[in-house]
Amino acid sequence: MDLYAALGLTHLADGMAIRDAYRRMAKLYHPDVSVYPDAHQRFIRITEAYEVLGDPERRRRYDLSRLSPHPHTASSRTQSRYEQDV
């Protein structure tokens, strides 16, 4: 699951945009007020996304892992550069 897509954002979003998107979507999909049948699952998904993206350190780790090359398809040069950054 792409956490940015869960909040309707791109990876360029700043902290305020992440917070605003979470609040907007939480109001829309909160199980106590939403009329959508899958509101509970959506609310869980956006809450998990906010927990990761709202914390700068967890977001940095998520961004690094999201961009990591797959070990079976990455060249040795790409893999070593990635390991150096992590």
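The values are calculated or read from the model by the stated rules, or taken from the named source; none is laboratory data. Predicted model, so just to flag it, every value in this text is computed and none were measured. Positions of Cβ are backbone-derived with ideal geometry, glycine not excepted, and every protein chain shown enters the neighbour counts. Quick note on the areas: whole protein, heavy atoms, side chains included, nothing else; ligands and nucleic acids left out. Shrake-Rupley method; radii C 1.70, N 1.55, O 1.52, S 1.80 Å.
When residues in the range 34-44 are screened for being in a loop (DSSP other than H, G, I, E, B) and surrounded by 10 or more Cβ atoms within 10 Å (Cβ to Cβ), 3 of them pass. For the range 5-33, the set of residues classified as part of a loop (DSSP other than H, G, I, E, B) and either within 22 Å of Leu64 (Cβ to Cβ) or of a type outside the set (D, E, K, R) (or both) consists of Leu7, Gly8, Leu9, Thr10, His11, Leu12, Ala13, Asp14, His30, Pro31, Val33, listed by residue number.
In the range 47-57, which residue that is open to solvent by less than 60 Å² (accessible area, probe 1.4 Å) and touching a Gly at 6+ places or on another chain (Cβ under 9 Å) is farthest from Ala6 (Cα to Cα)? Going through the qualifying residues, I end up with Gly54.
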